[in-house]
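To start, the structure under review is shown below, and the notes come after it.
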Amino acid sequence: MGAHGGKAFLSLSRQPGTLSTLVRQLTRFNLVGILNTTVDFSLFFLLDMLGMPYLLAQTCSYSCGIANSYFFNKYWTFGMTGIKSAEMLRFAMVSLTALGISVLLVYLLHSTLHFSLLTSKIAATILTMLLSFFGSRQLVFRPETKPIDP
């Protein structure tokens, strides 16, 4: 392999889809997720303490986490710029799917299987974090692909 081959290999490490990019994005996504989760859990348990039904509290608190997630992940995690309506629509679809799954899981785990509300919330959060990351990465914040020059 010549000098150009080595340069191409080094430049690939910064390309979307490489392992180093995936690890960096997943790390940032999880850091943003910690902030989102703090917003979500704090608001969820505050609303619950104030007497709001827990499924409505889940919807409200999760929605606030979603808004936070969009902005931090768009600009910091995935390094995207500009406002694109198609991107926002895809983000809403991924987020609403995750919201539906999280509400269903909290309900099933807490009301049907009688796990504590905290355990139910944590389990739903872990699963929807993974679904949201791969949905965001593959469907929402994917970089524009350009053909490689020969």
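The values are calculated or read from the model by the stated rules, or taken from the named source; none is laboratory data. Given the structure is predicted, the values throughout are model-derived calculations rather than measurements. Using ideal geometry, Cβ is built from the backbone for each residue, glycine included, and neighbour counts are taken over all protein chains shown. Each accessible area value is taken on the protein alone, full model and side chains, heavy atoms only, with ligands, DNA and RNA left out. Shrake-Rupley method; radii C 1.70, N 1.55, O 1.52, S 1.80 Å.
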_Being part of a helix (DSSP H, G or I), surrounded by 14 or more Cβ atoms within 10 Å (Cβ to Cβ) and among the β-branched types (Val, Ile, Thr): is that true of Ile126 here?_
no
*Right, Ala67: at pLDDT 90 or above and under 20 Å from Thr38 (Cβ atoms) or not?*
no
*For segment 68-88, state whether one or more residues are open to solvent by less than 50 Å² (accessible area, probe 1.4 Å) and within 13 Å of Asp40 (Cβ to Cβ).*
yes
*asked:* Return the residues of segment 23-38 that are open to solvent by less than 50 Å² (accessible area, probe 1.4 Å) and free of Cβ contacts under 8 Å to residues at least 60 places away in the same chain; say none if nothing qualifies.
replied: Val32, Asn36
*Only listed residue being hydroxyl-bearing (Ser, Thr, Tyr), more than 25 Å from Arg24 (Cα to Cα), in a helix (DSSP H, G or I) and open to solvent by 40 Å² or more (accessible area, probe 1.4 Å), chosen from Ser120, Ser102, Ser111*: Ser111
*Considering residues of segment 80-123 that are within 16 Å of Ala67 (Cα to Cα) and charged (D, E, K, R) only, the residue farthest from the chain's Cα centre (by Cα)*: Lys84
_Given (1) part of a helix (DSSP H, G or I); (2) modelled with pLDDT of 85 or more; (3) not basic (Lys, Arg), index of the condition Met52 fails_ = (1)
*State whether one or more residues within segment 87-94 are among the basic types (Lys, Arg), modelled with pLDDT under 90 and closer than 17 Å to Leu139 by Cα.*
no
_Among the numbered criteria (1) open to solvent by less than 90 Å² (accessible area, probe 1.4 Å); (2) of a type in the set (A, V, I, L, M, F, W, C); (3) modelled with pLDDT under 90, which one does Phe44 miss?_
(3)
